[in-house]
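First the structure, in the form of C-alpha cells, and then the observations on it.
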Amino acid sequence: MNQNVGDLLTYLRMLAGDSQPSQFFDMRYGTRHGVMRQRFVSVRRVHQIARRVTDLAAGADVYVGVALRDRAHGNKSAISGSYLLYIECDDPTARERLEDFAYTPSMIVASGSPGHLHIYWRLRERASSAQVESLNRRLALTLHGEPGCADIVRLLRPPTSLNHKYTPPVAVEIVERNPRARHSLRELADSLPEDPQPSVTRGTLAMRRRVGRTALDRELLVVPAADYVRVLANLEPNKAGKVLCPFHEETDPSLQLYPDGTFYCFGARCRKGGTIFDFAAALWGTGTRDQDFLELRQRLACVFGLLPRTQPGTSSMGKQVQPASILRARSRRQVLLAPFLLALVLLAGCASPQIQTQPSSARAPVAEERCVEHDGLPDRRCTPGSIRSGLSLATICAFGYSRSVRPPESFTEPLKLRQMRAYGLPGSPRAYEEDHLVPLSIGGAPHDPRNLWPEPRSGPNNAEQKDQLETWAARMACAGRIPLARLQHEMASDWPALYRAAGGERVLRDYPPGG
C-alpha cells in the first residue's frame, strides 16, 4: 500500500513540477450512479489529491489532467502551457520504438487496457498550449501513438488507480521511471517530423479571439451541453449525463456532458471534447476557423433562435419573436419542445426560400449526367426540389389533396430506373422509394423530375424518416405554426437538419406517414 502511495505521489509531483502556487490539478471521477464529477485541487496539496485518488479508486475510474490549470475553471482557456509532453499508445511495438528514440521518457504508465501506455517527457522550458499539442502530435506520429489524444486538456489515469472497464478492475501502474530525464524544448522539436495538423497562425488566432468574444457567442456558450446535444444530435443523456458518442460506434455511452456547456468523449479512439462549436462542427463536418467559424456560428444561431433582429422584438420578416435570453435552451423542457423552438427559428428568417417553381417542360437527369448521392441525400445539381406555383394553403390542406395529385407508378417507376442509373445506385429498385424532395403535402411539384429521386428505404436519412417529417411539416403548415414557404425551403435544402430540429425519432414517431 505504501509503495502504491509512493508511486502516486511520484506521478503527481511530476505533474506539479515547476508549478506556480496558484495553479490547480484537475481531477475527474465517476460516482456510483455513473455521473462524472470534477474537482480542482491546489498544487500545494499533493497529499490531499493523492488521498482522494486512493479513496476513490476502488469504486470509480479516476482521471487527472496532465497540464495544470491556472485557475479553477473547466475549459481550455484555463490552461496556458505545461512542462510535460505526453502521448497515448497501444502499438505493440511502442517499447521497441522507444528504445531507438533519442529522448528517454520521464515516465511510462500502463493504463490497465492491454498494451495501452501513457508516455511522458519532462521539458526544461515551459511550452505553450499550442506547442504542447503540436509536439504531442509529432511524438505520436514518430512512435505510432494516437494523434487524436494530443490536446492540452488531456485527462489520463493516474498510477495506483483502477481501470473499471474490466472485471475485475485492472491496476494502473508505472512501468518505467526516469526522474532525471528532462529535455530541451528546441532540441526535441528539431528532431521530430512536421506536425500533421499545424496550428493556426497568429492572425487567425486573433480573428478567432475577435469573433469568439461577441454577445452571440456568449449566448451560445451558455447553452448546457445536455440541451444542445438533444437538439443537434437527437440524443437523450442518461442519469449520469452521458450519451452514446455520435462520432464513433459504441454500445456503452462514453460522451460525458458537463453543466458548464462542455463535453468530452472518453472513448479510447475518440477523445473529442470542447464547446457547442466543437460539437456542431464535428457533427456537421465543418471547420472552426475563419469563415468556417462564422458560418458555423450563424447556423447555430439559426437553430437556437439567436439571430439579431431588425428592431427589438421583431424578426426580419416582421414577426414578433422572443428575446434571445428567453430563447436560450437552458432547460430540458425547452429542448423537448423542439418543434416550437424550430418554428421560432424559421419565423426569424435564417434564410430566404429559393425553390424553383415547376417549369413547363422539365426533364430528369439522364444516365450520361452523373449525379452523386451522399448518405441517402440527393445531389442538388440534379434534384434541387421544385414546387407548384399558385397553390393556396387551403388547397394544399384540403382532405385528399396529396392523393389527388400523386403521379402514377407508370410515371415514377421508369423515372426511378433512369435516375438510379444517373446516380449510379446499386441494388434492386425495390430498395428505393421514388420520393418527392419537397413533399406533395406542402406543395411540392408532383411531376417535375427535379423534385423526385430514388430515396433509400434503409440506412441514414431513409424514406421512413422523411415520411414522418412530411407528416409533421404538413401539420405545422396547415396549423399556421410555420410559414409554408419556409418549410418548402428547409425540405429542399437540408431535410435531415429539419428532422433533427423537429425532435428526431423521439418526437416524429408520433407522426406516422399519412397521419
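Okay, here's what the table says:
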quantity: Of Thr104, Tyr86, Gly59, farthest towards positive along the dipole that unit charges on Lys, Arg, Asp, Glu beta carbons give region 1-157; calculated: Gly59
quantity: Per-residue ³J(HN,Hα) for region 475-488, Karplus 6.51 cos²θ - 1.76 cosθ + 1.60, θ = phi - 60°, Hz, x for Gly and Pro; calculated: 5, 4, 5, 6, 8, x, 7, 9, x, 4, 4, 5, 5, 4
quantity: Area projected by the alpha carbon convex hull of region 448-488, averaged over all directions, nm²; calculated: 3.5
quantity: Inter-site label distance for His374 and Arg97 at 7 Å from Cα along Cβ, in nm; calculated: 3.3
quantity: Ranked His47, His374, His144, criterion: other C-beta atoms within 10 Å, fewest first; calculated: His374, His47, His144
quantity: Span from the region 260-290 Cα centroid across to the region 223-241 one, whole angstrom; calculated: 13
quantity: Residues whose placed amide H lies under 5 Å from that of Leu437, excluding near-sequence neighbours; calculated: Leu452, Trp453
quantity: Dimensionless Rg ratio for region 51-196, taking C-alpha atoms and the 2.2 N^0.38 Å reference; calculated: 1.04
quantity: Cα pair distances in region 356-508, grouped into 10 Å bins until the bin that holds the longest one, percent each; calculated: 11, 43, 36, 10, 0
quantity: Per-bin percent of Cα-Cα distances, region 1-118 [10 Å]; calculated: 12, 39, 36, 13, 0
quantity: Above-threshold pairs, the threshold being 29 Å between Cα atoms, out of Lys165/Lys272; Lys76/Lys466; Lys165/Lys239; calculated: Lys76/Lys466
quantity: Mean-position separation - Cα centroids, region 12-70 and region 440-515, in angstrom; calculated: 49
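We did not get these values from a lab; they are worked out from the coordinates using the rules stated. Nothing here was measured: the structure is a model prediction, and the numbers come from that model. Note that we place each Cβ from the backbone using ideal geometry, even for glycine, and neighbour counts take in every protein chain shown.
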